[in-house]
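The values are calculated or read from the model by the stated rules, or taken from the named source; none is laboratory data. No experiment lies behind these values; they were computed from the predicted model shown. Note that we place each Cβ from the backbone using ideal geometry, even for glycine, and neighbour counts take in every protein chain shown.
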Amino acid sequence: MSDKQLNFYLYDTSITVRRHIYAPYLSNAKILKQKQIQQLIRCYEQIYGKDEDLLELVKHVDNAFRRDSTCRPFIGGEVLSAGLRSIGYNNAIVRGIIYIPPENIIIESRIVTLKERITTWNVEYVEPGTELKTKLQINIENLKSVQLYIGNKRSKGYGMVDINFSAIK
């Protein structure tokens, strides 16, 4: 580890979703995935009640957003760190989380065709047009605005966001 101390700068951050941010998270371990889906079902029940069709879809979800203990969905700072690194900020570290209003998350089935095999993919995503605001600590000085691809499927052009940073003195 280097002796050099990292300086972090506090930013008011405004994020505008341009293309769907597909949820990047759900465990590959079967037991953990079952627990995560049970938590997700409880969260959906709290918000939407016992909508049988929706809960059946949630039972078979393949990708979901992380949630805190009060069921608020969020994106961790590591997702933005990876996005900043992909555009040249090689040592970018972002501290903080971005809460997503539950009403801006959609869960649906998508058809995926792979080598003549058709499967369904149940996924949560943030709808385009969503505005997210938060405060983040970032180890890069004088950030102004960037356009990033974040989340699952970013290599296919999804998860496009415009981010405006305002330094807090």
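Condition test on SER27, is it under 17 Å from ASN152 (Cβ atoms), of a type in the set (S, T, N, Q) and in contact with a helix residue (DSSP H, G or I) (Cβ under 6 Å, 6 or more places away or on another chain)?
yes
Could you grab me the full set of residues in the range 13-50 that are of a type in the set (Gly, Ala, Ser), in contact (Cβ under 8 Å) with a residue 40 or more places away in the chain and part of a loop (DSSP other than H, G, I, E, B)?
Hit for the range 13-50 is ALA23, nothing else.
Condition first: modelled with pLDDT of 85 or more, touching a Phe, Trp or Tyr at 6+ places or on another chain (Cβ under 9 Å) and either crowded, with 17+ Cβ neighbours inside 10 Å or aromatic (Phe, Trp, Tyr) (or both). Can you find one or more residues in the range 26-37 that meet it?
Yes, some residue in the range 26-37 is modelled with pLDDT of 85 or more, touching a Phe, Trp or Tyr at 6+ places or on another chain (Cβ under 9 Å) and either crowded, with 17+ Cβ neighbours inside 10 Å or aromatic (Phe, Trp, Tyr) (or both).
When the residues of the range 142-169 are filtered to those that are exposed (fewer than 13 other Cβ atoms within 10 Å of the Cβ) and among the basic types (Lys, Arg), which remaining residue is nearest to SER81 (Cα to Cα)?
Looking at residues that are exposed (fewer than 13 other Cβ atoms within 10 Å of the Cβ) and among the basic types (Lys, Arg), I get LYS144.
Give GLU78, GLU56 a once-over and let me know the one that is exposed (fewer than 15 other Cβ atoms within 10 Å of the Cβ), at pLDDT 90 or above and assigned to a helix (DSSP H, G or I).
So the residue among GLU78, GLU56 that is exposed (fewer than 15 other Cβ atoms within 10 Å of the Cβ), at pLDDT 90 or above and assigned to a helix (DSSP H, G or I) is GLU78.
I want to confirm something. Restricting to the range 111-169 and keeping residues that are under 30 Å from HIS60 (Cβ atoms), in contact with a Lys or Arg (Cβ under 8 Å, 6 or more places away or on another chain) and not in a strand (DSSP E or B), which single residue is modelled with the lowest pLDDT?
Restricting to residues being under 30 Å from HIS60 (Cβ atoms), in contact with a Lys or Arg (Cβ under 8 Å, 6 or more places away or on another chain) and not in a strand (DSSP E or B), the top hit is GLY157.
Kindly indicate which of ILE106, ILE98 is under 18 Å from LEU26 (Cα atoms) and either within 11 Å of the chain's Cα centre (by Cα) or buried (at least 18 other Cβ atoms within 10 Å of the Cβ) (or both).
One residue alone meets the criteria, ILE98.
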